[in-house]
Amino acid sequence: MLPSTTIPCKDKYKVKNWKAYNQSLVERGRLTIWLEDSVLRAWRDIDTSQKVVGETLYDNCVIQCCLLLGQVYQQPLRQTTGFVGSLLTLLGHADYAIPDYTTLCRRQGCLPVEVSKALTGTKKIDLALDSTGLKVYGDGEWKVRKHGASKRRTWRKLHIGIDEQTQEIVCVELTTNGKDDAAVAGKMLQGKTEKLKSFRGDGAYDDFAFREILGRGVRQIIPPPKDAVLQHGPKKKPVPDYLQQRNQAVAFIQDYGRKTWKSQVGYHRRSLNEVAMFRYKTTFTAQMRARKIEQQKTEVTLKCKILNIYRQPGMPVAYKVV
C-alpha cells in the first residue's frame, strides 16, 4: 500500500480595495494626455532651418516624450511620428518639428532615462531583485515544442529591482543572457547601498563579492546553498562583517531547517518581484522591438517607467484568507 501524501494548500488572497482599484484601471484607459510645459517649451524652441550637420537638434525630453507615447500605444517608430504629429495638431502646435523615425532610433541608443528617484532620495527602502528573460527574435514556443529550437534564437536578461512596500520599480538593467545575476546586481547597487534597509534575492545572489558590496548595514535575506558551511576568517582572524549574516543564516538552517528560516526572515516577499515581471510581460509582452542592445536598454527602461506611472492611480491591496 502506497503511503498517503498530503499536498500543501496554496495560500489564498483577496483584494480589499476593489472599488478604488477598479477606478484606477478605468483611469489607465483614458485618452487624456498631459504634456509638461517644459517639454512644449523645448519643442517650441527647435529651429530646423538652421540645423548644423552632427548637431543634436531635439532635446532629450522631446525624444523621450515621443518614445514614451510609442511604447504606451505599442507603435513602431514610423507610426509613432504620425501619432505625435496628430497629437500636436490637436494641441494647436502643428508648426512644431517632429523627429523622424531614424532620429528616434539613433537617439534611443544613448538617451538617458531615469526610471525612479527612490535610490537617490532620503528614505531607505526594502529592495527585492530578480531577473527574467526577454526574447529578441527567434521561434515561438509552439514551434520550439514541436520541432525544437533553431540556432537563431536570441534572448536578453532583464534585471528588475523593486521597493517591496510600494512595488515601484527603482532600478533596471538589461544584459545578455550569459551574465551572472550577482555581478550585475553589484554594478546596479554600487554606491547606492546606503539607501537600502534590506535586500531580498534568490540563491543566485549568494556571492561573497556581492555581499561585500551590500555590507553589514543592509539586511541580507539571501538563501545560502544546501551544502553551505560556516565561513572562518583567514589565519584565525575574525569573519569579515559582510559574511556574518550569511553565517547566521547557515547556522539557523542547520538547526531549524530552510523552510523555517524563510518564514522567519520573510524571504517569500521576494515574490513581489515576480509580480512586477508578470505586469511587465502582460503589458508589453516578452518580445523586444529593438535589435541592438543599446536601444533595447532604453526600451526596457521606458517600459518600466510606464509601469511606475500606471502604479500611481492605484494598486490592489490584498490580504491573506485564513
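The values are calculated or read from the model by the stated rules, or taken from the named source; none is laboratory data. Here the structure is a predicted model, which is why all the values come from computation and not from measurement. Please note: Cβ atoms are built from the backbone with ideal geometry, for glycine as well, and neighbour counts cover all protein chains shown. Side chains included, ligands, DNA and RNA excluded: accessible areas come from the protein's heavy atoms. Shrake-Rupley method; radii C 1.70, N 1.55, O 1.52, S 1.80 Å.
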Determine if the range 124-138 includes at least one residue that is surrounded by fewer than 14 Cβ atoms within 10 Å (Cβ to Cβ) and at pLDDT below 90.
-> yes
Are any of the residues in the range 193-205 open to solvent by 70 Å² or more (accessible area, probe 1.4 Å), closer than 21 Å to Arg270 by Cα and touching a Leu at 6+ places or on another chain (Cβ under 7 Å)?
-> no
Counting only residues that are touching a Leu at 6+ places or on another chain (Cβ under 7 Å), not polar (S, T, N, Q) and not in a strand (DSSP E or B), the range 158-182 contains a total of 1
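List the helices (runs of 4 or more DSSP H) that sit entirely inside the range 256-322 and contain at least 2 residues that are within 13 Å of the chain's Cα centre (by Cα) and closer than 30 Å to Arg246 by Cβ.
Working: elements: 258-265, 271-284, 293-311.
The helices (runs of 4 or more DSSP H) meeting that bar are 271-284.
Here is a yes/no grid of residues against (1) of a type in the set (Lys, Arg); (2) closer than 30 Å to Thr102 by Cβ:
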{"site": "Gln248", "(1), (2)": "no, no"}
{"site": "Tyr256", "(1), (2)": "no, no"}
{"site": "Lys262", "(1), (2)": "yes, no"}
{"site": "Gln295", "(1), (2)": "no, yes"}
{"site": "Cys304", "(1), (2)": "no, yes"}
{"site": "Lys320", "(1), (2)": "yes, no"}
Lone unmet requirement of (1) surrounded by 13 or more Cβ atoms within 10 Å (Cβ to Cβ); (2) in contact with a Gly (Cβ under 7 Å, 6 or more places away or on another chain); (3) farther than 30 Å from Gly70 by Cα for Pro225 = (1)
Could we say that Tyr96 is touching a residue at least 40 places away in the same chain (Cβ under 8 Å), open to solvent by less than 40 Å² (accessible area, probe 1.4 Å), on the phi < 0 side of the Ramachandran plot and among the aromatic types (Phe, Trp, Tyr) here?
-> yes
Does Val113 fit the bill of being surrounded by 13 or more Cβ atoms within 10 Å (Cβ to Cβ), modelled with pLDDT of 90 or more and assigned to a helix (DSSP H, G or I)?
-> no
Every pair of residues 6+ apart whose Cβ atoms lie under 8 Å, when the first sits in the range 273-295 and is over 16 Å from Glu168 (Cβ atoms) and of a type outside the set (Lys, Arg) while the second is open to solvent by 40 Å² or more (accessible area, probe 1.4 Å) and not in a loop (DSSP other than H, G, I, E, B) | Ile293/Thr176; Gln295/Cys105
Kindly indicate whether any position in the range 255-266 is open to solvent by less than 20 Å² (accessible area, probe 1.4 Å) and either farther than 30 Å from Tyr319 by Cβ or aliphatic (A, V, I, L, M) (or both).
-> no
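Give, as residue ranges, the helices (runs of 4 or more DSSP H) completely inside the range 11-85 that count at least 2 residues that are among the aliphatic types (A, V, I, L, M) and under 30 Å from Ser271 (Cα atoms). Before the answer, list the steps.
Values: elements: 18-28, 37-44, 60-72.
Ranges flagged: 18-28, 60-72.
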Restricting attention to the range 69-82, report how many residues are in contact with a Gly (Cβ under 8 Å, 6 or more places away or on another chain) and either in contact (Cβ under 8 Å) with a residue 40 or more places away in the chain or exposed (fewer than 14 other Cβ atoms within 10 Å of the Cβ) (or both).
-> 2
Only listed residue being of a type outside the set (Lys, Arg) and open to solvent by 40 Å² or more (accessible area, probe 1.4 Å), chosen from Phe284, Phe278 | Phe278
Quick one: in the range 228-246, of everything that is surrounded by 14 or more Cβ atoms within 10 Å (Cβ to Cβ) and in a helix (DSSP H, G or I), which residue is modelled with the lowest pLDDT?
-> Tyr242
Of the residues that sit in the range 162-176 and are open to solvent by less than 20 Å² (accessible area, probe 1.4 Å) and of a type in the set (A, V, I, L, M, F, W, C), which one is farthest from Glu274 (Cα to Cα)?
-> Leu174
Filter result (farther than 30 Å from Lys10 by Cβ and open to solvent by less than 50 Å² (accessible area, probe 1.4 Å)) within the range 304-322 = Lys305, Ile306
Would a scan of the range 57-65 turn up a residue that is in contact (Cβ under 8 Å) with a residue 24 or more places away in the chain and surrounded by fewer than 14 Cβ atoms within 10 Å (Cβ to Cβ)?
-> no
In the range 183-219, the residues that are among the basic types (Lys, Arg), in contact (Cβ under 8 Å) with a residue 60 or more places away in the chain and assigned to a loop (DSSP other than H, G, I, E, B) = Lys192
